[in-house]
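Input: a single structure, listed below in structure tokens.
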Amino acid sequence: MAFVTPLSFEQARQCVIERVRAARPAPAGEEAPLEAAAGRVLAEEVTADRDYPPLARSLRDGYALRSGDVPGRLRVIAEVRAGERFQGAVSAGEAVEIMTGAPVPEGADAVVMLEHVRREGDYVAVDGAVERGQWINPQGSETRRGERLLEAGRRLGFAEIAMAATVGRARLRVHRQPRVCVLATGDEIVELPERPLDHQVRNSNAYSLAAQVRRAGGLPELLPPAPDRTEATRALIERGLEADLLLISGGVSASKYDVVERALAELGAEFFFDRVLIQPGQPLVFGRARGTFFFGLPGNPVSTMVTFELFARAALELLGGQSELLLPLLKARLAAPFRHKPGLTRFLPARLSADGAELTPIPWQGSSDVAAVIRGNAFLVAEADRESWQAGELMRVLLR
């Protein structure tokens, strides 16, 4: 394996998307009850079972009438509420008191709001002209019977669940969630119940990755930590390659004790890149072995978090059947000046104000500083070809 030129952030992300999209198998499907389908990826299309709304309905509390009868004084012949239907018809000089959501009576072509009329016993006075169709939601104006509402490959959020419930879908066919093996490497790692010595660290990466995998729709499986020995690492990688995706943290730098790439090569791995021009996360490996895609993520915790969000998340979403990949990069105004050395795209801890308008960089001590990430709620994105930004300038933001 020999790579000469590291990839830019954009090139590496595109490489991941193209490679996984071209080679991914069709995800298996399964049925899920609607109440358990949120966050899953739809494996079928959902269509409208009827027009929505099925009848013209009122958008306001008021009076349904014929627009040509006003201005004027009209006799109120009935009242209709949501969930009811007036069986008669509105004729010349008549009106029906109507509530929001109720079907518009036959003969009426407009609704006048309560605030714009005077009720006088059995009559209602309307002083101004009324436009035809005013405050009426016409039949089929939202969607028509048979129209596709949700397409396969869409991740189901609360609005999609509401739509499925609206059209009577108590169960949905969804893609099987990909199984993702998580392997942390390094002699310095101890498991959580152990008390680490000063030169050791607890296995936080496995748990942060598991949380990110779940958030992206996968099912994480934590493997035991791998020591810095090729044979033991290779054996654990072999186990991980039985999953749909393998995430390895640590062991991908240039040290003689970083044995992950060596172990992968012995397993016949194909490597697509092993370095990306970003901070944190430059030493980043992406490839495929025995039909399974893998990522060798840097071992420092913040590097692991950032590189998963930028690259591995896209691969996982594709393997789960998702068709549209969104990286939540927004823009906000800097609260203070910012400088960095050009050449790398940097994703650094920051805090986005409650209204999303202002971005404040957070001091950090490098890619092991999880506390700095916790003090923020986002990562500022410093472009590789720019050196400085002034307070008040727009800067890209990666939501956390």
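FYI, it's all coordinate maths here, none of it is from the lab. Small disclaimer: the values here were computed from a predicted structure and weren't measured. No Cβ is skipped: glycine too gets one built from the backbone with ideal geometry, and neighbour counts run over all protein chains shown.
Between GLU106 and ARG179, what is the label-to-label distance in nm when each label sits 7 Å out along the Cα-to-Cβ direction?
With each label placed 7 Å out from Cα toward Cβ, I get 6.2 nm.
How many angstrom lie between the Cα centre of the stretch 28-99 and the Cα centre of the stretch 288-302?
Cα centroid to Cα centroid, the span is 53 Å.
Which of the listed residues, LEU334, PHE158, VAL16, is farthest toward the dipole's positive end in the chain, when Lys, Arg count +1 and Asp, Glu count -1 at the beta-carbon?
The residue sitting farthest along the positive end of the dipole is VAL16.
Of VAL41, GLY218, MET305, which is farthest towards the positive pole of the chain's charge dipole, taken about the Cα centre with +1 and -1 on the beta-carbons of Lys, Arg and Asp, Glu respectively?
Of the listed residues, the answer is MET305.
Using +1 on the beta carbon of Lys and Arg, -1 on that of Asp and Glu, and nothing else charged, what's the dipole of the stretch 57-137 about the Cα centre, debye to 20?
It works out to roughly 100 debye.
Among GLY88, PRO193, LEU65, whose Cα projects farthest towards the positive end of the dipole of the chain, with charges put on the beta-carbon of Lys, Arg (+1) and Asp, Glu (-1)?
Checking the options against the dipole of the chain, the answer is PRO193.
Which of the following values of Cα Rg over 2.2 N^0.38 Å was calculated from the structure shown: (1) 1.11; (2) 1.05; (3) 1.38?
Label (3) holds the value from this structure.
Along the stretch 177-182, what does the Karplus equation 6.51 cos²θ - 1.76 cosθ + 1.60 (θ = phi - 60°) give for ³J(HN,Hα), rounded to whole Hz, x for Gly and Pro?
My calculation for the stretch 177-182 gives 6, x, 8, 10, 8, 10 Hz in order.
What are the ³J(HN,Hα) values, in whole Hz, obtained from phi via the Karplus relation 6.51 cos²θ - 1.76 cosθ + 1.60 with θ = phi - 60°, for each residue of the stretch 358-363 in sequence order, with x given for Gly and Pro?
Karplus-based 3J(HN,Hα) across the stretch 358-363 equals 10, 10, 10, x, 10, x Hz.
For the stretch 57-137, which semi-axes, largest first and in whole Å, follow from the square roots of 5 times the eigenvalues of its Cα gyration tensor? Spell out each step's value before the answer.
Details: eigenvalues 55, 33, 27 Å².
Values for the stretch 57-137, descending: 17, 13, 12 Å.
So between ALA125 and GLU242, what do we pick up on full extension, going 0.36 nm a residue minus the alpha carbon distance? Intermediate results must be reported in sequence, preceding the final value.
Numbers: separation 117, 0.36 × 117 = 42.12 nm, distance 7.57 nm.
This chain segment gains 34.5 nm when fully extended.
Under 16 Å from the 7 Å Cα→Cβ point of ARG386, by amide nitrogen: which residues of the stretch 339-360?
339-348, 358-360
Rounded to the nearest 20 Debye, what is the dipole magnitude of the chain about its Cα centre when Lys and Arg each give +1 and Asp and Glu each give -1 at the C-beta?
In debye, rounded to 20, the chain gives about 440.
Based on the Cβ-Cβ distance of SER353 and PHE158, what FRET efficiency does E = 1/(1 + (r/R0)^6) give at R0 = 22 Å, to the nearest 0.05?
For R0 = 22 Å, the calculated efficiency reads 0.30.
Please report, in debye to the nearest 20, how large the charge dipole of the stretch 329-399 is about its Cα centre when each Lys and Arg carries +1 at its beta carbon and each Asp and Glu carries -1 there.
Magnitude of the dipole: close to 60 debye.
Each residue of the stretch 13-23 in turn: what ³J(HN,Hα) in whole Hz from Karplus with 6.51, -1.76, 1.60 and θ = phi - 60°, glycine and Pro shown as x?
Per residue, the Karplus-derived 3J(HN,Hα) values read 5, 5, 4, 4, 4, 5, 5, 6, 4, 6, 10 Hz.
Would you give the gap between the C-alpha center of the stretch 208-275 and the C-alpha center of the stretch 183-201, rounded to a whole Å?
17 Å
Looking at the stretch 214-274, which GluC sites (Glu not before Pro) are DSSP coil and have at most 15 other C-beta atoms within 10 Å of their C-beta?
GLU242
May I ask what percent, to the nearest 5, of DSSP beta bridges between residues of the chain are antiparallel?
Looking only at bridges with both residues in the chain, the antiparallel portion is about 65 percent.
Long-range amide H contacts for GLY29: which residues qualify at under 5 Å (H placed 1.01 Å from N, peptide plane, sequence gap of 5 or more or a different chain)?
The answer is ARG176.
Starting from 0.36 nm per residue, how many nanometres of slack lie between ASP49 and GLN14 once their C-alpha separation is accounted for?
8.7 nm
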